[in-house]
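K.L.:
First the structure, which I've put down as structure tokens, then a few questions once you've had a look.
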Amino acid sequence: MGNLQKKISTQTTKELQRWAGFTKALVNPPIDYERNRKAIWKLNKTTLWYYEPKERKYNVPLLLIYSLINQPSILDLGPENSLIQTLMDEGFEVYLLDFGVPGYEDKDSSLDDYVTKYIQRGVRRALAHSGAKEISLMGFCLGGTLLTMYASIAKEPIKNIILSLTPIDFRSFPKFDQWQNSLVNKQIEVDPILDAMGLVPASFVKGGMRLITSPVYYSHYLSLLNRGADSQYREKWGQLNKWTNGHIPMTGAAMKQIVNDLIIDNKLIEGQFEIDGCPASLSNISANLLVIGSNFDQLVTRDQITPIMDLVSSTDKTIHLLNSGHASLPENGAIPSYLANWLPARSVS
């Protein structure tokens, strides 16, 4: 009887600790992570950050370009949860182009502006700052789409391109096929709405993401409940949850282009897209290419990612499919295997 009571008491204690940790993670905000970086260029809301490695092993720097709908903090959540830190530890010079949070005054900023005013100038600044002859570029989600647009018109020396969960082909929207059909058939007109709003609020962006990912979105709360007693897991969960809920507004001009030029006309795949009047043909891309997709991503599907492989002129091109969702983090502070096996060998001029 005594052993049984002791076992019940132990289990009760564990349950109380688990629920207490779960509640603590929901109530207390995560600790702000002090990032070791330096701003080397700014334009409007955009900042080019520089992360200096302790030992520079490669003479081709890496510039990261994140999406337009979230903060790029997911790339540097903490010492053990930082893609940027793992890249620095491997000896890479890392640059991050942070577009910032647009305000109503930025409502007329188009995709053309993001490509030429920010990405192209950011690449030039990174090359000048590093003193490198060539550069590697890595884009995430819509940041990768913008990177692809830029690479198709770039005059700068791009050695490597890495596209992570990047939508290129917009003909397929498995979760919103009826909405897409209504847009394509002109049954819904979004231009007047976007013109009136000027800026798509962050709450609208967040709502759209929730529609796509529900009910899977709630699964991370179950994971927290299961591991609520683990303080390290709670901290990692808190940082990721903060990023997940940190959506930012999108300019009306950029959203109109996404709807009209990409979702309706699929111009990037069809070879009809232009940046400031210049044809942005994917066949112009000849840099070494690594495309990262996922077998389980509900936000950006394989069918939206893989068609680029047949349209670029690159002779060195690789595709790698993950068994994870849209947001994944480095494990145990190690560089992801798909990068470790690909990037170092291509980062020496």
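K.L.:
What are the residues in the stretch 109-152 that are closer than 21 Å to Thr251 by Cβ, of a type in the set (S, T, N, Q) and surrounded by fewer than 24 Cβ atoms within 10 Å (Cβ to Cβ), if any?
P.N.:
Listed by number, the residues that qualify are Ser109, Ser110, Thr116, Gln120.
K.L.:
A further question on this structure: Scan the stretch 135-152 for residues that are farther than 17 Å from Leu62 by Cβ, hydroxyl-bearing (Ser, Thr, Tyr) and in a helix (DSSP H, G or I) and report the count.
P.N.:
Total satisfying the criteria: 1.
K.L.:
Given (1) open to solvent by less than 40 Å² (accessible area, probe 1.4 Å); (2) at pLDDT below 85, where does Ser347 come up short, assuming only one miss?
P.N.:
Only one criterion is unmet by Ser347, namely (2).
K.L.:
Just a yes or no: is a residue in the stretch 257-269 in a helix (DSSP H, G or I), open to solvent by 60 Å² or more (accessible area, probe 1.4 Å) and among the basic types (Lys, Arg)? Step through it out loud before you land on a result.
P.N.:
First, the residues of the stretch 257-269 that are in a helix (DSSP H, G or I): 257-264, 267-269.
Still in the list and also open to solvent by 60 Å² or more (accessible area, probe 1.4 Å): none.
Among the residues of the stretch 257-269, not one is in a helix (DSSP H, G or I), open to solvent by 60 Å² or more (accessible area, probe 1.4 Å) and among the basic types (Lys, Arg), which makes the answer no.
K.L.:
Loosely packed, with under 13 Cβ neighbours inside 10 Å, at pLDDT 75 or above and in a loop (DSSP other than H, G, I, E, B), is that true of Asn59? Steps first, please.
P.N.:
Details: loosely packed, with under 13 Cβ neighbours inside 10 Å: no; at pLDDT 75 or above: yes; in a loop (DSSP other than H, G, I, E, B): yes.
So Asn59 fails the test.
K.L.:
Take the residues in the stretch 153-199 that are modelled with pLDDT under 70, open to solvent by less than 60 Å² (accessible area, probe 1.4 Å) and part of a loop (DSSP other than H, G, I, E, B), then tell me which one is farthest from Asp265 (Cα to Cα).
P.N.:
It comes out as Phe176.
K.L.:
State whether one or more residues within the stretch 89-106 are over 19 Å from the mean Cα position of the chain (by Cα), open to solvent by 30 Å² or more (accessible area, probe 1.4 Å) and without any contact (Cβ under 8 Å) to a residue 40 or more places away in the chain.
P.N.:
There is at least one residue in the stretch 89-106 that is over 19 Å from the mean Cα position of the chain (by Cα), open to solvent by 30 Å² or more (accessible area, probe 1.4 Å) and without any contact (Cβ under 8 Å) to a residue 40 or more places away in the chain.
K.L.:
Need the failing condition index for Tyr118 against (1) assigned to a loop (DSSP other than H, G, I, E, B); (2) modelled with pLDDT of 95 or more; (3) closer than 21 Å to Ile161 by Cβ, just the number.
P.N.:
(1)
K.L.:
For the stretch 15-53, enumerate the residues that are assigned to a strand (DSSP E or B) and open to solvent by 30 Å² or more (accessible area, probe 1.4 Å).
P.N.:
Matches in the stretch 15-53: Lys38, Ala39, Ile40, Lys42, Leu43, Trp49.
K.L.:
Any chance you could count how many residues in the stretch 76-103 are of a type in the set (D, E, K, R) and within 22 Å of Arg125 (Cα to Cα)?
P.N.:
Of all residues in the stretch 76-103, those of a type in the set (D, E, K, R) come to 76, 80, 89-90, 93, 98.
Then keep just the ones that are within 22 Å of Arg125 (Cα to Cα); that gives 76, 93, 98.
Residues in the stretch 76-103 being of a type in the set (D, E, K, R) and within 22 Å of Arg125 (Cα to Cα): 3 in total.
The values are calculated or read from the model by the stated rules, or taken from the named source; none is laboratory data. It should be emphasised that the depicted structure is a prediction, and the values quoted were computed from it without experimental measurement. No Cβ is skipped: glycine too gets one built from the backbone with ideal geometry, and neighbour counts run over all protein chains shown. Ligands, DNA and RNA are stripped out before the accessible areas are found, and what is left, the full protein with its side chains, is counted by its heavy atoms. Shrake-Rupley method; radii C 1.70, N 1.55, O 1.52, S 1.80 Å.
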